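Scroll down for the structure; my scribbles are underneath it.
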Amino acid sequence: MLWLGTRSIKLPTREFASFRRGMVQFYNERQTRLYAKAKSLYGQLKVASKSKRNFDYGEAFRKLAQASSYGVFGYGISTTIDGYEEIMDAVLPFEQRKDGVMTSRRKPKAPKKKDFALLKQSTPIIRMPEASIGFAKKPYVTWAVSENNHAVERAHEHKVAHEFFKRLSAVKWVRGTGGEIIGNDENNRDSDYAGGGGNYVTHRFGVAEKAFRAQFRRF
């Protein structure tokens, strides 16, 4: 299993504010879309289950999520559709029984706006199910992924992650900016620098990418 620890990338000072503003705007627009989808799906589940005993809401949710491009979600397998898990968590959340066992709700719950809360422009962190993007220390941006099995794969599939790496690739790097994101696996996690504990570089930006390419021009 690939693992990524927290790593900081130094942005050009003049790009930090616009980078964060763009990421927050993208995140908030997505949250607004998902909230609208959640409300629509909740309504469809209520209609589909009317007057039906022992209705399987989970199966109905999956079928609705796999609707045509004219449906709620668009084409695709349910678990790969953008926002599938977040909407399911809002509409059919897990609950803890008296015996401590976590179980999914038998009936849908009306999604609330707070389930898809928007971020302030000054937010220090953007959270995703398996990863986070931090802006706590200007002009650095951090990328952190949990150590759960397959967390890296799921993190990089997230639409917010796609936008993050797309924007990093578009940054106009200047001297002294950039950095590396380090990968590892569950057997070699003793340090957080490239080469330490079996660590290796998965992404390079700015000066780090320039230095890496320069190595090959010597031969």
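Taken together, the values in this text are just the output of simple stated rules run on the coordinates, not laboratory data. Bear in mind that the values here come from a model prediction, so they are computed numbers and not experimental data. Every residue, glycine among them, receives a Cβ derived from its backbone with ideal geometry; neighbour counts consider all protein chains shown.
The figures follow:
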read-out: Label point distance in nm, residue 21-residue 146, each placed 7 Å from Cα along Cα→Cβ; value: 3.3
read-out: Pair residue 107, residue 136: separation of 7 Å Cα→Cβ label points (nm); value: 4.2
read-out: Partner lysines for residue 37 [C-alpha distance under 26 Å; skip if fewer than 8 residues away on the same chain]; value: 46, 50, 52, 63, 107, 109, 112, 113, 114, 120, 159, 166
read-out: Per-pair calculated FRET efficiency, R0 = 35 Å: residue 175 and residue 62 via Cβ, rounded to 0.05; value: 0.10
read-out: Distance (nanometres) between label positions extended 7 Å along Cα→Cβ at residue 48 and residue 117; value: 3.0
